[in-house]
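For reference, the structure discussed in these notes is given below.
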Amino acid sequence: MKKQLIYHLILIITSLVANHRSIAQNPLAYWTFDNSNPLADIIKGSIADTARYHNQITVGAGSVGNGVFPATRDGLLVTSALPEKAQAITVEFMFKGNEFFFSTFPEPSFRLVAHYDYIQFTTTTVAKNVIVDHWIVNLRGNGINSYNNLSDGNWHHVVFRVDGKTGTKQIWIDGQTNKLLTKEIHRFDFIQVQKASAFSRMEGLDEVAVYDTYLSDDLIKQHYLEVNNNRHYSFGSQNLKASAGTAAVEIVDPKEFAPGYPDYTVQATDQLKTFPDPRYFPGHNLPRNFPWLDISYLHRELKGNGGMGLGQSNPQKAIELTDEMVKRWNYYAEIRCLRQDTVTALKTYNDPNTLEHALIKYANNNPSVPLAAVIMQVQNKPVHAGYKSHSPYVLSQELPDKYYLRDKTGKEIIYNNKKWITPLAPLDIVEYDANTTVTYLRQVAKVLKRPVDMLNDNGEVFGHMRTADLLNMDPDVVKLQTSKKWNVAELNGWFQYRMDSVYKNFILNKLGWKNTLFTIYNTSAVNSNYWPDYSFRRNTNSLFNGSHRSTPSFYPAFPWNWKLASGQYNGYGVIAEGRRKEIEMGDKLFAPFISAGWGLEENNIRPAQWLGLLKSMVMLGADFFHVGYFNVTGGGGWPNGKGPNDPRGYIYQVAMPSYAQAIASRVFPFIENGELLNPSADTSVRGFDYRFPAGNESHLVMVRKLGKKYLIFGTVQPNGNYIGNAPVIKPVSIKLENR
């Protein structure tokens, strides 16, 4: 009998544990927005405050019954329902739109945010110490891990819960969660919150519930099922079968990679030959694309399928690829300018077994093929031109005092552990560097039967602006700046133009190449806080068809970086901001440096997205591109740890710019003479110049107007390379001149 009682007791306890998740968990506050006073919660009748913060709320059709819709993005809907000193909190709600924001104030001790392209869950907890945990989850996958799915214009159910007993934070989206949305933190005694809390920045809000418990999995699933059946939340077990769903498998689309991916089966040149023609408008007059792709890497072929490392050099294959790029894809043929002493360089150029010889021979045998060469002042060795220095003079730390910034005592200024060339320096040192470049190009000219048609220098001698605190240390520079009434950017622009124009003009005049075009990297109004003032530098680059071209770097590099920028990797918004300034100066066209990325191919922008972005550059005025791919290693080694990337994986980066340029050739009157419409008057919000609102952060829509006609462009921009990250096709609408 005793054993039987114990057995039954165990059964009862087991049953209670098994049914624990079905026990009702009632909210502290619950807004359905369906009452006679829609801003009153149905638990205690607390009123969500709007009037105090001048926020107009419209009540309309929500996810279930009514919902609320703020009139302004930053208007507050104050709920102040969070419990004080609870060991667990759950907040759940339905929202629609591109973002939402829920935070305590004035101190943001508890904060829930969805924005492009992440979710943030901030908590302030107390155990022995106060610990603030800012948890940010990047939404770059698919399914519930995709920002594009969360911001698709539909209602979505989101739950944020945190528990001090287990030290767990978790986010649920549409009845599902996963490892990415779960975080183990420290255990704690209670959650510290400010009394006031409010929602803002969502398009619509409904079904808001706040708990002082860690809401059970079953109830989260149940509530999601209920709202999808047009029912309000219930808080007991309803025996509703709400499936947690199948977690999306995050895989890339093999159609966006080279044939055979991940073990490529078709060589780069063979791939390029099978791509559809770019279909340029017959008789177009667009400049050719400049190849910053390094033919010495691009032509190489690794044996077998897949593979890592540097393939075998084959001069004839390089000629085959060059000829394809010239004749079908509107590129210059690259002539390699060797930075070597004359004896060594001429030996290489005249050796019939070298790539350099093959390219020279191809150029001489095809006199109508336009030629381009990359030069690099920053990598010159003046000793090759008979000077003493082994490094460029403009980077030297061993020049006489007159070349450097000096303080009021005449002593050279040491700033960041080095001396700095003064804007007032004699320019003979620039001529020494230019003459070194002339020496290298004369070596080419000895074997080439004609001038090179276009030169580009990587331009990274100075790059960034000298800061005000540095320039102000030199009284002569201050005197110049004061007399000219220049700001720091203008002073730097004047200085940079002095250096660059002397460098360019010396080279072209010394060689006698009167028709050679010349550009320098990053001569632009883009990143104007970093690069010297463009208004002083507009004449640095050659004129193309009689007009200026700026040369900013459009290197978004990663799919999630297309919208704005990450460090030196510029996305659309940064380029558009700079173009706005350049267009105001009268520069309708530009010629950006571009690359879809040069890291691991799974992280680089894929062909479809890249073509969309390049078309946006055309809309901004790009009529040709400096097309780059940088097979270089840095402090971390090769991206794949084994060697340069296989050209089979990135040959699409040769084709996509030409497709975009071919589109430009067919609508060029819009690009050259049309007006690029800018619906945004607020220039303080970065990333939205020339973008027409189209319902989602991932929708990039632009419009040009010519007479009474419009050229409208649109693309869906994914923020990740996984299948299902963003829709391939999406109906959208824009407001265009009140229509």
### Query
Tell me, how many Å apart are the Cα centres for segment 49-92 and for segment 136-206?
16 Å
### Residues with amide H under 5 Å from that of Leu28, placed H, sequence gap 5 or more
Val210, Tyr211, Asp212
### Query
In degrees from 0 to 90, rounded to the nearest 10, what is the angle of the helix 355-365 Cα long axis to the longest principal axis of the chain?
60 degrees
### Task
For segment 413-512, calculate the relative contact order in percent as a whole number, restricting contacts to Cα pairs under 8 Å that are 6 or more residues apart.
48 percent
### Virtual spin-label span in nm between Arg739 and Asp682, 7 Å along Cα→Cβ
2.7 nm
### Message
If packing is taken as the average number of other Cβ atoms within 10 Å across a peptide's residues, how do 648-657, 136-145, 303-312, 444-453 rank, most packed first?
### Response
648-657, 136-145, 444-453, 303-312
### Message
I need the phi-derived Karplus couplings for segment 279-288: 6.51 cos²θ - 1.76 cosθ + 1.60, θ = phi - 60°, integer Hz, Gly and Pro marked x.
### Response
6, 5, 5, x, x, 4, 10, 6, x, 6
### Sum of -39500 (n - 2.57) over DSSP H runs of 4+, divided by residues of the chain (222 nm, nearest 500)
-7500 deg cm²/dmol
### Query
How large is the accessible surface per residue of segment 643-739, computed with a 1.4 Å probe and reported in Å² as a whole number?
44 Å²
#### Entry: Per residue solvent-accessible surface (Å²) - segment 123-260, probe of 1.4 Å
44 Å²
## Note on the structure
Subtracting the Cα-Cα distance of Asn417 and Ser296 from 0.36 nm times their residue separation yields 39.9 nm
### Query
Considering only Pro400, Asn509, Ser296, whose Cα is most displaced toward the positive end of the charge dipole of the chain, charges sitting on Cβ of Lys, Arg (+1) and Asp, Glu (-1)?
Asn509
## Note on the structure
Expressed per residue, the solvent accessible area of segment 489-616 in Å² (1.4 Å probe) is about 31 Å²
## Note on the structure
With R₀ set to 25 angstrom, the calculated FRET efficiency between the beta-carbons of Asp133 and Ser566, to the nearest 0.05, is 0.60
### Query
Which percent of the accessible heavy-atom area of segment 449-510 goes to carbon and sulfur, probe 1.4 angstrom?
51 percent
### Message
I'd like the distance separating the alpha-carbon centroids of segment 369-434 and segment 587-619, in whole Å.
### Response
34 Å
### Task
Can you pull the one-decimal nm distance between simple spin-label points at Lys705 and Ile729, each 7 Å off the Cα toward Cβ?
3.0 nm
### Task
Could you tell me what percent of the accessible area of segment 598-739 is made up of carbon and sulfur, with a 1.4 Å probe and every protein chain present?
56 percent
### Task
Note down the magnitude of the dipole of segment 172-220 about its Cα centre, charges +1 on Lys and Arg C-beta and -1 on Asp and Glu C-beta and zero elsewhere, to the nearest 20 debye.
340 debye
#### Entry: Projected label distance in nm at Ser234 and Asn529, using a 7 Å step from Cα toward the beta-carbon
5.5 nm
### Task
Work out the FRET efficiency for Asn515 and Ser547 from their Cβ-Cβ distance, taking R0 = 25 Å, and round it to the nearest 0.05.
0.90
### Message
If you take every residue apart from Lys705 with its C-beta less than 12 Å away from the C-beta of Lys705, what net charge results, scoring Lys and Arg +1 and Asp and Glu -1?
### Response
+1
### Query
In Å, the Kirkwood hydrodynamic radius of the chain over pairs of distinct alpha carbons?
29.7 Å
### the chain, dipole about Cα centre (Lys/Arg Cβ +1, Asp/Glu Cβ -1), debye to the nearest 20
1000 debye
### Message
How tilted is helix 2-18 with respect to the longest principal axis of the chain? Cα atoms for both, answer in degrees (0 to 90, nearest 10).
### Response
50 degrees
### Message
Let me cross-check Thr72: its accessible surface, 1.4 Å probe, with only protein heavy atoms counted, in Å² to the nearest 10?
### Response
80 Å²
### Message
Rounded to the nearest percent, how much of the accessible area of segment 238-389 (1.4 Å probe, protein heavy atoms only) is carbon and sulfur?
### Response
50 percent
### Task
Any lysines with Cα under 22 Å of the Lys419 Cα? List them, leaving off those in the same chain fewer than 8 positions away.
Lys381, Lys388, Lys402, Lys408, Lys411, Lys479
### Message
What does the extension gain come out to for Thr265 and Glu460, with contour length at 0.36 nm per residue minus their alpha carbon separation?
### Response
66.4 nm
### Message
Under the rule that an exposed site lies in a DSSP loop and has at most 16 other Cβ atoms within 10 Å, name the longest stretch of the chain with no GluC sites (Glu not before Pro) of that kind, not counting the sites themselves.
### Response
85-397
### Query
Mind checking the log10 I(q)/I(0) for segment 524-665 at q = 0.09, 0.12, 0.20 Å⁻¹? Debye, one equal scatterer per Cα, no solvent, two decimals.
-0.28, -0.49, -1.20
### Query
Taking a 26 Å limit on the Cα-Cα distance, which of the listed pairs Lys165/Lys195; Lys44/Lys183; Lys169/Lys195; Lys96/Lys709; Lys96/Lys179 fall beyond it?
Lys44/Lys183; Lys96/Lys709
### Message
Quick check: with the 1.4 Å probe, what order do Ser313, Ser396 take by accessible area, largest first?
### Response
Ser313, Ser396
### Summary
Scaled by the rule-of-thumb 2.2 N^0.38 Å, the alpha carbon Rg for segment 450-566 gives a ratio of 1.22
### Summary
Computed over the chain: longest principal axis from alpha-carbon atoms vs helix 217-228 long axis, angle to nearest 10 degrees, is 80 degrees
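The values are calculated or read from the model by the stated rules, or taken from the named source; none is laboratory data. All of these numbers come straight from a predicted model, not from anything done at the bench. Neighbour counts are summed over all protein chains in view; Cβ atoms, including those assigned to glycine, are modelled from backbone coordinates with ideal geometry. The protein model used for the area step is the full one, side chains on, heavy atoms only, and it has no ligands, DNA or RNA in it. Shrake-Rupley method; radii C 1.70, N 1.55, O 1.52, S 1.80 Å.
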